[in-house]
1. Does LEU2 satisfy the condition of being open to solvent by less than 30 Å² (accessible area, probe 1.4 Å) and of a type outside the set (Val, Ile, Thr)?
2. Taking the stretch 1-24 on its own, how many of its residues are farther than 13 Å from LEU58 by Cα and in contact with a Phe, Trp or Tyr (Cβ under 7 Å, 6 or more places away or on another chain)?
3. Would you please list the contacts, defined by Cβ atoms under 6 Å and residues six or more apart or on different chains, that run from a residue in the stretch 1-21 that is modelled with pLDDT of 90 or more to a residue that is buried (at least 17 other Cβ atoms within 10 Å of the Cβ) and part of a loop (DSSP other than H, G, I, E, B)?
Amino acid sequence: MLEGRIDPARFDQLALQIVAAGIVDTDEDLLAFLGQTLSAHIARHNNRALDAVWQRELAKALASLQAWGFVRL
């Protein structure tokens with residue numbers, strides 16, 4: 001059985017890596033990118049509330065990264 005590896009508690013590190021790599025340049029693009037991962041599909045299958053949870057956790061992670069001066073989206 002496949003298991004997702006993306007942990008919303010670590011969105012700050014993941015978001016920083018994805019933004020720094022130039023893969024996305026807006027918070028909406030970042031959420032869309034993460035939403036298309038295998039981890040998201042697996043988690044969504046197990047929990048229909050995934051999108052709301054990930055959106056909330058990603059917003060908190062991005063706010064922290066912006067406050068620390070690491071990203072500007």
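1. Spelling it out, it is not the case that LEU2 is open to solvent by less than 30 Å² (accessible area, probe 1.4 Å) and of a type outside the set (Val, Ile, Thr).
2. Qualifying residue count, the stretch 1-24: 2.
3. ILE18/VAL24; VAL19/VAL71
Residue by residue, here is whether (1) open to solvent by 50 Å² or more (accessible area, probe 1.4 Å); (2) over 14 Å from ASP7 (Cβ atoms); (3) in a helix (DSSP H, G or I); (4) in contact with a Ser or Thr (Cβ under 6 Å, 6 or more places away or on another chain) holds:
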position: VAL19; (1), (2), (3), (4): no, yes, yes, no
position: ASP25; (1), (2), (3), (4): yes, yes, no, no
position: GLU28; (1), (2), (3), (4): yes, yes, yes, no
position: ALA32; (1), (2), (3), (4): yes, yes, yes, no
position: ALA40; (1), (2), (3), (4): no, no, yes, no
position: ALA43; (1), (2), (3), (4): no, no, yes, no
position: ARG48; (1), (2), (3), (4): yes, yes, no, no
position: ALA52; (1), (2), (3), (4): yes, yes, yes, no
position: GLN55; (1), (2), (3), (4): yes, yes, yes, no
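The values are calculated or read from the model by the stated rules, or taken from the named source; none is laboratory data. Owing to the predicted nature of the structure, the values given are computational and were not obtained by experimental measurement. Backbone-built Cβ (ideal geometry, glycine too); neighbour counts: all protein chains shown. What goes into the accessible areas is simple: the full protein's heavy atoms, side chains included, and nothing from ligands, DNA or RNA. Shrake-Rupley method; radii C 1.70, N 1.55, O 1.52, S 1.80 Å.
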